[in-house]
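These notes are about the structure you will find just below.
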Amino acid sequence: MKKYEFVTVKMQNNPVYNAVTGGHRQLIAEYAEKGYSYAGYVPVKQGPSGKIVEIDLIFETEA
């Protein structure tokens with residue numbers, strides 16, 4: 001049976017330009033050290049123009 005962890009990452013949003021993420025690589029490396037694999041992401045919040053400003057990173061491991 002698999003176990004899943006969800007970690008919310010907020011983008012550094014510039015209302016005029018792009019939204020940029022920071023720290024996602026460190027989070028993926030930290031979870032890999034704990035025995036998790038990166039499984040993907042889900043957008044959880046978008047701005048009025050449709051720009052993604054918050055995501056959940058999904059990690060999985062054998063329970």
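The values are calculated or read from the model by the stated rules, or taken from the named source; none is laboratory data. What you see is a predicted model, and the numbers here were worked out from it, not measured in a lab. So basically every Cβ, Gly included, is an ideal-geometry build from the backbone, and we count neighbours across all protein chains shown. Each accessible area value is taken on the protein alone, full model and side chains, heavy atoms only, with ligands, DNA and RNA left out. Shrake-Rupley method; radii C 1.70, N 1.55, O 1.52, S 1.80 Å.
A few comments on the model shown:
- Scanning the stretch 4-20 for residues that are over 13 Å from VAL44 (Cβ atoms) and among the polar types (S, T, N, Q) turns up GLN12, ASN13, ASN14, ASN18.
- SER37 being hydroxyl-bearing (Ser, Thr, Tyr) and at pLDDT 95 or above: yes
Residue by residue, here is whether (1) of a type outside the set (D, E, K, R); (2) out of contact with any Asp or Glu (no Cβ under 8 Å at 6 or more places or on another chain) holds:
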position	(1), (2)
LYS2	no, no
PHE6	yes, no
ASN13	yes, yes
ALA19	yes, yes
GLU30	no, yes
TYR36	yes, no
VAL42	yes, no
GLY50	yes, yes
PHE59	yes, no
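- Filtering the stretch 16-44 to residues that are over 28 Å from MET1 (Cα atoms) and in contact (Cβ under 8 Å) with a residue 24 or more places away in the chain leaves ASN18, ALA19, THR21.
- ILE52 satisfies every condition listed in (1) of a type outside the set (Phe, Trp, Tyr); (2) open to solvent by less than 80 Å² (accessible area, probe 1.4 Å); (3) at pLDDT below 85 except (3).
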